[in-house]
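The values are calculated or read from the model by the stated rules, or taken from the named source; none is laboratory data. Keep in mind that this is a model prediction, so the values were computed, not measured. A quick note on method: Cβ atoms are made from the backbone with ideal geometry, for glycine too, and the neighbour counts reach across all protein chains shown. Please note that ligands, DNA and RNA were not included when accessible areas were found on the heavy atoms of the full protein model with its side chains. Shrake-Rupley method; radii C 1.70, N 1.55, O 1.52, S 1.80 Å.
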Amino acid sequence: MLELCEFLKNSYTCYHAVENAAAMLERAGFARLKEQEPWNLKAGGAYYVTRGGSIVAFRYAPTGPFAIVASHTDSPCFKLKENAALCDGTFTRLNAEGYGGGLWYTFFDRPLALAGRVVRGVGDRLVAETYVSASRFVLPSLAIHQNREANEKLSVNLQTELALAGLGEVSIADMVGPFIAYDLFLTPAEEPFFGGANGEFLTSPRLDDLAGAYASLHALIGAESTAHTLVAACFEAEEIGSSTQGGAGSDLLRGVLSRIADAQGKTREEELTALASSLLVSLDNAHSLHPDHPEKCDPTNRAVMGGGVVIKAHAGGAYTTDGMTAAIVKKVLTDAGVKVQPFYNRSDVRSGSTLGAISMRQVSIPSVDIGIAQLAMHSAAETMAWKDFAELEKALATLFKARITFDGNSVTIA
Ligand SMILES: [Zn+2]
């Protein structure tokens, strides 16, 4: 749990999540691969490759299908524009855009870090470095005396309400050093903490979806080599539609799987056969029953914190789960003693979606959407029950171990 808290705290942006994930994988003996170089995969080897704010790690088996867990590395925050320092003579503020669908009022009056990736010129090279400021910044609320309706009407204007960078004139280069360009964000910099009478809750920035990304990497590190290749894919840009070069809509995962198939010496037909026998677990958090707002939940399929791993389904295909993949996961997990619970949105509420459905456009294999139930999704501080995280870790370890064979309308699980 402490390692999870460190990961949540220090993974300010997708770039930091990738850096921290890579360090964790290297400590466990995974070797780094580069997309720009040939790969020389060895049976039983463990590897990872990164693209921007995405990382794909795998345990290579020389034959067989794939077991894949996909999650995301980004969370809602503010992204700085170029010429971001806006000085009115008294204060400098940071001109930024909303990144993703944040619950913006929760970002006020909290410590925010300036963090991301800075591209510097070093001789004739351009070098991208991850960056996090030692300073903290604040987005100040208007006092209740100057906004008497604040408790009835909360509205946030992202162009006029900006974080304070300092008194007088401050430049971005003053803060981050010389740069040519950057991907910089203002992100919550609070410590995760355990709450509840018995410490049963964990509240932290970025639980969605770093809890999932961490769980998938941890399960992969802890897994033994099996007859199939195990993959943990953590993607950037889920909060903004997944269509970046490294997002779930890109060819990153497909490319990794193809290179693995090439290393295995598979023919095209054998590669397609392996894909048809693989499983993709799309892992992202779900809304828990909110005790103050039970009316927001589906009447018969409400996920509750503490109730175990959530299996999400949606008639409109926002989630990838179907009857067969739900049955596979239910059987594998309940046989292993993992608690599962279903989640549907209310039929009169627009569903959120996950990267699973987007990934299906590139890698179309049997898939299921699972996650853990949490409160305050997209707030600067989200809450989950830590025992659900323990169930999720058990679930992923079990799914990585399971040998699932697809044969037309039937599936055999060993
Ligand atoms: Zn998410």
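The table below gives the values:
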item	result
J(HN,Hα) series, the range 311-328, from Karplus relation 6.51 cos²θ - 1.76 cosθ + 1.60, nearest Hz, glycine and proline x	10, 9, 9, 7, 4, x, x, 4, 10, 8, 4, 10, x, 6, 5, 4, 5, 4
Euclidean distance of C-alpha centroids, the range 61-121 and the range 1-55, integer Å	20 Å
Within-12-Å neighbourhood charge of Pro192 [Cβ basis; K, R +1; D, E -1]	-3
DSSP bridge pairs, the chain: antiparallel proportion in percent, nearest 5	70 percent
Size of electric dipole in the chain: Cβ of Lys, Arg +1 and of Asp, Glu -1, about Cα centre, debye, nearest 20	700 debye
Farthest positive-ward along the chain dipole, Cα basis, beta-carbon charges - from Pro188, Leu217, His314	Leu217
Relative contact order (percent, whole number), the range 77-189, Cα cutoff 8 Å, 6+ residue spacing	43 percent
Percent accessible area from carbon and sulfur atoms, the chain, protein chains only, probe 1.4 Å	51 percent
Cross-link pairs beyond the 27 Å C-alpha cut-off, checked among Lys312/Lys394; Lys266/Lys339; Lys9/Lys330; Lys312/Lys387	Lys266/Lys339; Lys9/Lys330
Rough spin-label spacing in nm, given labels placed 7 Å along Cα→Cβ, for Asp335 and Leu289	3.0 nm
Given charges at beta-carbon only (K, R positive; D, E negative), |dipole| of the range 77-189 in Debye	200 debye
Three semi-axes of the equivalent ellipsoid, the chain, Cα gyration tensor, whole Å, largest first	37, 27, 17
FRET efficiency for Ser243 and Asn198, using Cβ-Cβ distance with R0 set to 45 Å, rounded to 0.05	0.55
Percentage, to the nearest whole number, of Cα pairs in the range 77-189 over 21 Å apart	39 percent
Spin-label model distance (nm) - Asp88 vs Asn157, 7 Å beyond Cα toward Cβ	1.1 nm
Integer Hz, Karplus 6.51/-1.76/1.60 couplings in order for the range 209-226, x for Gly and Pro	10, 5, 4, x, 4, 4, 4, 5, 5, 5, 5, 5, 4, x, 6, 8, 4, 10
Extension reserve of the Thr412-Asp109 stretch, reckoned as 0.36 nm per residue once the Cα distance is removed	103.7 nm
Residues Arg27 and Ser364, FRET efficiency given R0 of 45 Å [Cβ-Cβ distance, rounded to 0.05]	0.85
Average accessible surface area per residue within the chain, 1.4 Å rolling probe, Å²	45 Å²
Gained length - Met1 relative to Leu164, 0.36 nm times residue gap less alpha-carbon distance	55.3 nm
The range 238-355: radius of gyration over Cα atoms, expressed as a fraction of 2.2 N^0.38 Å	1.30
